[in-house]
Amino acid sequence: MKISVIGLGYIGLPTSAALASRGARVLGVDLNTHFVDEINAGRVPIVEPDLDSAVEKAVADGMLTASTQVEGADAFLIAVPTPFKGDHEPDLSYIESAVSSIAPVLQPGNIVILESTSPAGTTRKISEWLAQARPDLTFPHDHESPDVFVAHCPERVLPGRIMIEMVSNDRVVGGISPHCAQKAAEIYRIFCQGEILLTDATSAEMAKLTENAFRDVNIAFANELAEICRHIGVDVWEVIRLANRHPRVNILNPGPGVGGHCIAVDPWFIVDAAPDQANLIRTARETNDARPDTVVADVARIAPSGAVIACLGLAFKANIDDLRESPAVTVVSRLSKADPTWQLLAVEPHVEHLPAALETLENVRLEGLDVALASADAVVLLVDHDRFKAISNNEIRQIPHVDTRGIWRE
């Protein structure tokens with residue numbers, strides 16, 4: 001079986017490697033020529049445990065190649081970004097572009113699967129877009145026995161464990177029709193050892209959005225609790241530690257906000273679909289989006305004008321290089337504007353360059369940890385990378401600091 005994966009980012013590339021390692025011939029397609037060249041050389045352009053060895057072997061075995069051009073295949077997996085635009089409205093332009101690239105090479109019997117997390121109803125739109133582009137073929141939104149099968153199978157993996165969870169986690173496969181779901185499930189049975197749950201496409205889309213909104217609401221509870229504890233003068237970390245000893249309580253930890261392409265974005269798709277009903281989900285998003293400003297205010301209380309501030313971490317979570325929607329990047333950007341006399345030393349051991357949001361700011365530069373700590377008048381911990389956890393409490397006590405992750409409490 002030949003499978004084409006459209007989008008070679010944090011989901012598309014691991015999916016390609018998982019399929020190729022189990023006997024499928026995979027063509028990965030991406031517009032980023034650097035990604036394509038690196039993959040064809042057997043190298044991985046992103047940081048993810050075990051991905052490098054999987055890609056290297058798949059390329060060496062001739063089972064995985066990359067290209068900027070779509071070719072004919074038996075199945076097409078779309079794994080492109082789905083950001084929002086304007087007032088948190090879903091931006092489906094990347095999906096539309098992927099669909100347009102697939103349409104000319106479709107043949108009867110092909111399977112098209114959307115993996116990108118998307119607003120409810122997007123998979124059906126894909127079927128309709130393809131029908132408009134290929135009137136010579138039939139599609140499942142208006143045919144019981146279509147030429148092309150269309151389905152949705154959202155990713156549900158944790159960065160840092162993608163290669164493990166890609167195989168072990170259960171998968172939800174939703175088809176435009178039951179037959180579409182069954183055909184799409186055949187693709188995931190190539191590598192998935194978890195249970196494959198069949199449903200309709202819209203329910204699958206909503207299930208993924210619900211998973212991320214659930215996480216977001218629980219994080220917002222922790223972040224709001226942090227604000228309350230600050231107001232009444234108690235340690236939120238101690239309160240959570242004690243409360244979590246209850247057998248049915250599991251409060252998450254507060255932080256500087258919520259990042260990543262999923263949790264920071266997807267709940268807005270629910271709000272957009274049902275704005276009058278999604279009150280709690282909207283409030284949670286607003287609560288988490290407000291956290292970076294709280295961190296900036298905390299830093300302003302300890303850092304005088306002209307201070308050198310070490311900002312530890314830019315990724316959206318620990319021990320990865322993924323900066324998408326990272327609250328740490330937002331904090332550094334807002335610190336830069338809050339007091340232009342501050343010199344901000346951004347420390348991120350997993351990247352070699354500042355992200356676009358920071359690289360044009362004159363008072364921000366990327367620096368190594370040792371130099372940053374030696375130069376700092378103040379420190380703000382934004383990401384709990386293992387490298388930062390190794391900093392001794394005695395060392396950090398000598399410098400005024402804001403710890404948004406609670407790792408230096410003891």
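Below are the figures for this structure:
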item: Close pairs from region 18-31: first closer than 9 Å to residue 5 by Cα, partner among the charged types (D, E, K, R) and surrounded by fewer than 21 Cβ atoms within 10 Å (Cβ to Cβ), Cβ under 8 Å, at least 6 apart; result: 26/2; 27/2; 27/71
item: Check on residue 192, of a type in the set (A, V, I, L, M, F, W, C), more than 30 Å from residue 292 (Cα to Cα) and not in a strand (DSSP E or B); result: yes
item: Residue in region 177-185 that is in contact (Cβ under 8 Å) with a residue 40 or more places away in the chain and farther than 28 Å from residue 51 by Cα present; result: yes
item: Count of residues meeting criterion [in contact with a Phe, Trp or Tyr (Cβ under 9 Å, 6 or more places away or on another chain) and part of a loop (DSSP other than H, G, I, E, B)] in region 393-407; result: 3
item: Residue list for region 41-63, filter: open to solvent by 70 Å² or more (accessible area, probe 1.4 Å) and assigned to a helix (DSSP H, G or I); result: 52, 56, 57, 60
item: Sole exception among (1) farther than 21 Å from residue 116 by Cα; (2) in contact with a strand residue (DSSP E or B) (Cβ under 6 Å, 6 or more places away or on another chain) for residue 49, by number; result: (2)
item: Helices (runs of 4 or more DSSP H) completely within region 312-390 that count 3 or more residues being under 25 Å from the mean Cα position of the chain (by Cα) and crowded, with 22+ Cβ neighbours inside 10 Å; result: 327-338
item: Some residue of region 95-110 being open to solvent by 10 Å² or more (accessible area, probe 1.4 Å), of a type outside the set (Phe, Trp, Tyr), at pLDDT 95 or above and under 21 Å from residue 172 (Cβ atoms); result: no
item: Where a residue in region 367-390 is aliphatic (A, V, I, L, M) and its partner, wherever it lies, is part of a strand (DSSP E or B) and open to solvent by 10 Å² or more (accessible area, probe 1.4 Å), with Cβ under 6 Å and at least six apart; result: 376/308; 379/401; 380/402; 381/403
item: Which listed residue is closer than 24 Å to residue 102 by Cα and open to solvent by 20 Å² or more (accessible area, probe 1.4 Å), from 203, 168, 118, 145; result: 145
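Residue-by-condition table, conditions (1) under 27 Å from residue 49 (Cα atoms); (2) of a type in the set (D, E, K, R):
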position	(1), (2)
356	yes, no
362	no, yes
369	yes, no
378	no, no
381	yes, no
396	no, no
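The values are calculated or read from the model by the stated rules, or taken from the named source; none is laboratory data. Quick caveat, the model's predicted, so the values are computed rather than measured. For neighbour counting, all protein chains shown are included, and Cβ atoms are generated from backbone atoms with ideal geometry for every residue, glycine included. Accessible surface is based on the protein model in full, side chains and every heavy atom, while ligands, DNA and RNA are left aside. Shrake-Rupley method; radii C 1.70, N 1.55, O 1.52, S 1.80 Å.
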